[in-house]
4 protein chains.
Amino acid sequence: MYSFKNDYSEGAHLQILNALIETNMVQEEGYGEDQYSLQAAELLKKKMNNAHVAIHFLTGGTQTNMTAISSFLRPHEAAVAAVSGHINVHETGAIETTGHKVLTADCGKDGKLTIAAIQAVLDAHPDEHMVKPKLVYISDTTEIGAVYTKSELEQLSAFCKSHHLYLYLDGARLGSALASSANDLELSDLPNLVDAFYIGGTKNGALLGEALVICNDALKEDFRFLMKQKGAMLAKGRLTGLQFLVLFRDNLFFDLASHANVMAEKISEAVQAAGYDFLTPPVSNQIFPILPNTVLSELHQQFNFFDWEKVDEHRTAVRLVTSWATKEEAVDAFIESLKKKVTE
Amino acid sequence: MYSFKNDYSEGAHLQILNALIETNMVQEEGYGEDQYSLQAAELLKKKMNNAHVAIHFLTGGTQTNMTAISSFLRPHEAAVAAVSGHINVHETGAIETTGHKVLTADCGKDGKLTIAAIQAVLDAHPDEHMVKPKLVYISDTTEIGAVYTKSELEQLSAFCKSHHLYLYLDGARLGSALASSANDLELSDLPNLVDAFYIGGTKNGALLGEALVICNDALKEDFRFLMKQKGAMLAKGRLTGLQFLVLFRDNLFFDLASHANVMAEKISEAVQAAGYDFLTPPVSNQIFPILPNTVLSELHQQFNFFDWEKVDEHRTAVRLVTSWATKEEAVDAFIESLKKKVTE
Amino acid sequence: MYSFKNDYSEGAHLQILNALIETNMVQEEGYGEDQYSLQAAELLKKKMNNAHVAIHFLTGGTQTNMTAISSFLRPHEAAVAAVSGHINVHETGAIETTGHKVLTADCGKDGKLTIAAIQAVLDAHPDEHMVKPKLVYISDTTEIGAVYTKSELEQLSAFCKSHHLYLYLDGARLGSALASSANDLELSDLPNLVDAFYIGGTKNGALLGEALVICNDALKEDFRFLMKQKGAMLAKGRLTGLQFLVLFRDNLFFDLASHANVMAEKISEAVQAAGYDFLTPPVSNQIFPILPNTVLSELHQQFNFFDWEKVDEHRTAVRLVTSWATKEEAVDAFIESLKKKVTE
Amino acid sequence: MYSFKNDYSEGAHLQILNALIETNMVQEEGYGEDQYSLQAAELLKKKMNNAHVAIHFLTGGTQTNMTAISSFLRPHEAAVAAVSGHINVHETGAIETTGHKVLTADCGKDGKLTIAAIQAVLDAHPDEHMVKPKLVYISDTTEIGAVYTKSELEQLSAFCKSHHLYLYLDGARLGSALASSANDLELSDLPNLVDAFYIGGTKNGALLGEALVICNDALKEDFRFLMKQKGAMLAKGRLTGLQFLVLFRDNLFFDLASHANVMAEKISEAVQAAGYDFLTPPVSNQIFPILPNTVLSELHQQFNFFDWEKVDEHRTAVRLVTSWATKEEAVDAFIESLKKKVTE
């Protein structure tokens, strides 16, 4: 059965594996001071037209969020996240284990945070008997596949600055966000809009690896201490550095994300053509079609994917995830099955 | 310049990289529930003749120590380590960041813990105004390249059991320990002697990866929650699982460790032949010859390695580390340089 | 202006202060091992008909909750509390600072937790990617002055037992709860129904002090270590021990709570007589009448109390708190003002 | 049996208890915003000729150290303390439970830290693989009763400033230190020399209470959040505020400390007259005479005090502690017993 369950089912893009083999026996410094990590950091700075950001390579999203957020906050300060935010739900309390509360803000079905929702959290936390909201956590794409527009991000950024809040962007699926048709942001916009963010490699063709970009000077100091302390500094840091070098030396990172999005779009169009709706607009590599249970039971026999939520007695919203590795034949087969079932 | 600075200067054994390529496009479950991880765990249990241990794959030593120790201890309980213990010195307070004190016990030049030293710590912590020593941390090989004999480990094990202390063994360099001429332990002895230990992959031919083995039933519950919380659960858990599968499906893990030790032995013999002494007996892939500064200044021009400590005005103990990747030509060149300098 | 803002505006009942003076120069052991603390613990056990509970005296509610909950939970385990629960809102993240997430369960206006609400939290936390709900936190009276009936508490208790959840009761205002006309619980019922709870002294006539009662044997071990570690063990433990001895040697604790409730009831009756409603039924020493803003503006000129929430354009729910120290003349004056304003 | 075990065996000075009674029924704001706390803070500022320090009242030494140090440090930063430092030994890992390592520096028998010892710790922590020493913890008097001279403290202060280290002084027994014949510091010197310190009330006549003085502006922000979070903010903050008001409105604090020291001196003179030595020079309310075991066994039948350490087969150093409450008759009786035994 072909799987549309997630975007980390396969290994890594072959260019990455080949680069590992090519460089394998070169002796390098450990702990991220190898030439590949240094070059990758320089390359990313160039791609962002920004010489001042600090860049660190970590192994996964939870680790990156935990290490960064616990580095940025004082003990009484809290992160504000959407109810559906990854740090709130799916990281087994990694932020709390470092001592910080995650305050939840209301969000729509799409998982996007609004100024109004953040303001409501601020209003509810006026004094020292409560934690102090200090960092706003957003994800792009969100956990439900939505993307922020440049204007939305600019407004959040201005609001955070004026309220002395850090703005942190979880980019586990930043590739898919930037490659989305709904997107008008560029990678180089981000350092001007957020205090820190990370570029996800794991879900866009790497074996593992996230590139944390710290934009706010005040948050840069001693970050390598924090990485080591949280178990986030690989002895063979070359492994993550090299992968980002490969992903960004040409346009591979964006090409892979585009492929994922195109595959998702193809399915979305078929879903729409078949007359079905979506839980949220399909704009990235995660889409949430609402399908009749009769259709679903058949599709589940051929494909792996998650049922997301019951919409009514007869229909369920499902989550389909495409990736850099998604085979077009599999997408075609899925569409075929869908059509066949519909026309029955 | 060839480097004898550490055992993580190169990438990974080619069998591992080839296996990554072969399995690359197979779709697998995430988060360590892939077939490679499952098979590797089964394989390790067989190698240990022990069906009851629980096995988890993590990415590095600091992460493994932090995740395991913080899972095992209640808030007021402390780890006891040698003054030179890795958790005490070189993990940027990773144990403390999870809330636990590391109590230091005296140890000899070789970094080995003794019952007398642990007893002294127990004696100094009689009541609730002090932390409660609860876990004894040892490393094999130690940070200074020594190995525990079976008899020593049995005595430590009996002592810990009778004093309600957990015994935890850091096996970052367990390969080199088990392959040492000074060793009489087998991998299968360990589950009977310690409450938990890990088998180090990073320093013995893997890109990254440590296999934590939890032997004490009382310490197994919910460990995957702890892994996720500490950022130690890779989305592509296949990456670590597959590597351990390759390392243990034949004898590769032990062959690589033997190679490292043989290379070190070759240097040791040359050092002895040249009439020089060692800080501690050279029995593993880390050796600490004491060399005249005049010899050193020349060797440093051709090779990378660390000066460890000044022995007297004219002599310095250095650390030479060999590995699975060490080239015999480089070892020969080092020996040649040493001899040349001596005969001058 | 007389204050109905809270129940900790005054010092302590005179019997307590007199006992402090009487015993002042007796030399006692430190750290809670003095005769008064030991006697108070024995006395409380008798009052509960339970020789097996463990009793510890701490200084305040936040400290007691933090010390107890962090002692009871493993790192990945979470507390479940009502949205309005004190540990969720008003303790500046004290639970999170010890590493644990507070999961919120829906609750009614009265702040009481229901089985359905807890079940919903359990359903939303099925696996290791999320924290594990392990302890249910309730308060009696709740933060909004409601009390649990014996039947409600029995049902919660049975549910928690069958779901392997600890049930913890915050008794900051347990005196007022037990003295409430809506209550059918006795102090001696609690050890059979909850795993741990505390009897609040600070808000019922003591200078400071809460008596933590640990009922579940599995949670008792080494608790004094935890107290010391969290800064909760007073050198002069006699100060809290003696106060509980005075509060419980006769019936003072219950008499003081009754006085507080009677004072609140008197106001409630006047409010009802004047034709006004309440946010929640007035059953304890915290009542929440809904008053016209015109009435309020006048009352605020004579009395201190908090506006709780806007009910509509013309009316506001306020919080009035009475205590062991509330003077009946002040209550009469308040009622008088209310009547006067109404009849205008 | 009369006790010389510690300085917290009795309640509080009668002036304090009387003030509690006098002010008992005055309604005050909670959480340290009462008039007594505000007045006490102002009074202390005046006594220090320093309008800029921030003053907070907490309940005990461990709590004060934990709350302050965890507020001042980032996660990877460590405190440096003497091996005998209270935070290192006797606080059940309270600093570590907030995530920070306590690095130990060598110290003499007197428990005083030297620049050389701190420098050795700095030298041993050069990079991000180790914690970063950031705060130097000293106590005055030390745990072994010694006092720092002004010159010593000035040198430590200058060293810390030039090495970007915070200097923190634990003043649990600051009264005795300032009243010592070996002292040339004044209370008003401290804000110029340290970044923060606390004035101990518990061991100098209060029921409980320590006044934390934060001198460094950079460390003041949001401290009340930290207090609340650590369970250190009393609902009836008046209790600690009032006590410091009483202790400092006249000269009571210093009078009580002088009494304690004079009582200790009287014993010291008798010890010397009897021809016995001390472990460290007797200069405060803790003295450590070295007495023959034969003498000790008799004294132990009449008086309570701790044996501190075996000096040789026949002699033991003991700890005798006097306090604000020590009765001169008891001191005379002790001296009498000593003399009697000696002349036997």
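Summary of values
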{"quantity": "Count of region C:208-230 residues which are out of contact with any Pro (no Cβ under 7 Å at 6 or more places or on another chain), more than 16 Å from residue D:231 (Cβ to Cβ) and more than 14 Å from chain B (Cβ to nearest Cβ)", "calculated": "3"}
{"quantity": "Matching option when the condition is outside any loop (DSSP other than H, G, I, E, B) and either on the phi < 0 side of the Ramachandran plot or among the charged types (D, E, K, R) (or both), among A:121, A:147", "calculated": "A:121"}
{"quantity": "Yes/no for residue D:244 being in a helix (DSSP H, G or I), open to solvent by 20 Å² or more (accessible area, probe 1.4 Å) and either away from chain C (no Cβ under 14 Å) or under 26 Å from residue D:69 (Cβ atoms) (or both)", "calculated": "no"}
{"quantity": "Number of the condition not met by residue D:285 [criteria: (1) more than 30 Å from residue D:36 (Cα to Cα); (2) crowded, with 17+ Cβ neighbours inside 10 Å; (3) in contact with a strand residue (DSSP E or B) (Cβ under 8 Å, 6 or more places away or on another chain)]", "calculated": "(1)"}
{"quantity": "Options A:326, A:294; residue that is surrounded by fewer than 20 Cβ atoms within 10 Å (Cβ to Cβ) and among the hydroxyl-bearing types (Ser, Thr, Tyr)", "calculated": "A:294"}
{"quantity": "Every pair of residues 6+ apart whose Cβ atoms lie under 7 Å, when the first sits in region C:186-197 and is within 10 Å of residue C:168 (Cα to Cα) while the second is in a helix (DSSP H, G or I)", "calculated": "C:193/C:153; C:193/C:154; C:193/C:157; C:194/C:157; C:195/C:219; C:196/C:68; C:196/C:219; C:197/C:190"}
{"quantity": "Selected residue (criterion: surrounded by the fewest Cβ atoms within 10 Å (Cβ to Cβ)) from residues of region C:94-114 that are within 14 Å of chain D (Cβ to nearest Cβ) and touching a Phe, Trp or Tyr at 6+ places or on another chain (Cβ under 9 Å)", "calculated": "C:102"}
{"quantity": "Residue C:52 vs. criteria away from chain D (no Cβ under 14 Å), in contact with a Pro (Cβ under 9 Å, 6 or more places away or on another chain) and open to solvent by 50 Å² or more (accessible area, probe 1.4 Å)", "calculated": "yes"}
{"quantity": "Helices (runs of 4 or more DSSP H) within region A:165-232 that include 2 or more residues surrounded by fewer than 24 Cβ atoms within 10 Å (Cβ to Cβ) and not β-branched (Val, Ile, Thr)", "calculated": "A:190-193, A:223-229"}
{"quantity": "Residue within region D:119-126 that is closer than 24 Å to residue B:98 by Cβ, surrounded by 22 or more Cβ atoms within 10 Å (Cβ to Cβ) and among the small types (Gly, Ala, Ser) present", "calculated": "no"}
{"quantity": "Matching residues in region D:293-306 - criterion: being of a type outside the set (S, T, N, Q) and free of Cβ contacts under 8 Å to residues at least 24 places away in the same chain", "calculated": "D:296, D:300"}
{"quantity": "Odd one out for residue C:156, checked against (1) of a type outside the set (Phe, Trp, Tyr); (2) touching a Gly at 6+ places or on another chain (Cβ under 9 Å); (3) over 30 Å from residue B:77 (Cα atoms)", "calculated": "(2)"}
{"quantity": "Residue satisfying condition, being at pLDDT below 95 and hydroxyl-bearing (Ser, Thr, Tyr), within set C:316, C:343", "calculated": "C:343"}
{"quantity": "Pairs, first over 14 Å from residue B:227 (Cα atoms) and assigned by TED's automatic domain parsing to the domain that holds residue B:212 in region B:28-39, second surrounded by 20 or more Cβ atoms within 10 Å (Cβ to Cβ) and β-branched (Val, Ile, Thr), C-beta under 8 Å, six or more apart", "calculated": "B:37/B:240"}
{"quantity": "Region D:1-36, subset open to solvent by 20 Å² or more (accessible area, probe 1.4 Å), farther than 24 Å from residue C:1 by Cβ and touching a helix residue (DSSP H, G or I) at 6+ places or on another chain (Cβ under 8 Å), residue farthest from the other protein chains (Cβ to nearest Cβ)", "calculated": "D:15"}
{"quantity": "Number of the condition not met by residue D:80 [criteria: (1) more than 7 Å from every other protein chain (Cβ to nearest Cβ); (2) of a type in the set (Val, Ile, Thr); (3) under 29 Å from residue C:33 (Cβ atoms); (4) touching a helix residue (DSSP H, G or I) at 6+ places or on another chain (Cβ under 7 Å)]", "calculated": "(3)"}
{"quantity": "Test: residue D:286 is of a type outside the set (Gly, Ala, Ser) and without any contact (Cβ under 8 Å) to a residue 60 or more places away in the chain", "calculated": "no"}
{"quantity": "Residue count, region D:259-282 (criterion: in a helix (DSSP H, G or I) and open to solvent by 50 Å² or more (accessible area, probe 1.4 Å))", "calculated": "7"}
{"quantity": "Residues (among the charged types (D, E, K, R) and touching a residue at least 60 places away in the same chain (Cβ under 8 Å)) located in region A:236-278", "calculated": "A:236, A:238, A:249, A:265, A:266"}
{"quantity": "Residue B:154, sole failed condition from (1) over 30 Å from residue B:123 (Cα atoms); (2) open to solvent by 30 Å² or more (accessible area, probe 1.4 Å)", "calculated": "(1)"}
{"quantity": "Pairs with Cβ under 6 Å, 6+ apart, first in region B:116-130 and more than 12 Å from chain C (Cβ to nearest Cβ), second open to solvent by 40 Å² or more (accessible area, probe 1.4 Å)", "calculated": "B:117/B:106"}
{"quantity": "Test: residue in region C:246-261 that is at pLDDT 95 or above, closer than 18 Å to residue C:288 by Cα and of a type in the set (Val, Ile, Thr)", "calculated": "no"}
{"quantity": "Residues of region B:188-238 satisfying the condition of being out of contact with any strand residue (DSSP E or B) (no Cβ under 8 Å at 6 or more places or on another chain) and over 30 Å from residue A:200 (Cα atoms)", "calculated": "B:188, B:189, B:192, B:217, B:218, B:221"}
{"quantity": "Residue C:59 open to solvent by less than 10 Å² (accessible area, probe 1.4 Å), closer than 22 Å to residue B:127 by Cα and under 18 Å from the mean Cα position of the chain (by Cα)", "calculated": "yes"}
{"quantity": "Of all residues in region C:74-85 being in contact with a strand residue (DSSP E or B) (Cβ under 6 Å, 6 or more places away or on another chain) and not small (Gly, Ala, Ser), the one that is surrounded by the fewest Cβ atoms within 10 Å (Cβ to Cβ)", "calculated": "C:83"}
{"quantity": "Top-ranked residue of region C:85-105 - restricted to ones that are in a loop (DSSP other than H, G, I, E, B) and within 20 Å of the chain's Cα centre (by Cα), ranked as nearest to residue C:155 (Cα to Cα)", "calculated": "C:85"}
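The values are calculated or read from the model by the stated rules, or taken from the named source; none is laboratory data. As the structure is a prediction and not an experimental result, all values here were calculated from the model. Here the Cβ is made from the backbone with ideal geometry for all residues, glycine too, and neighbour counts use every protein chain on show. Heavy atoms of the whole protein, side chains included, go into the accessibility calculation; ligands, DNA and RNA do not. Shrake-Rupley method; radii C 1.70, N 1.55, O 1.52, S 1.80 Å.
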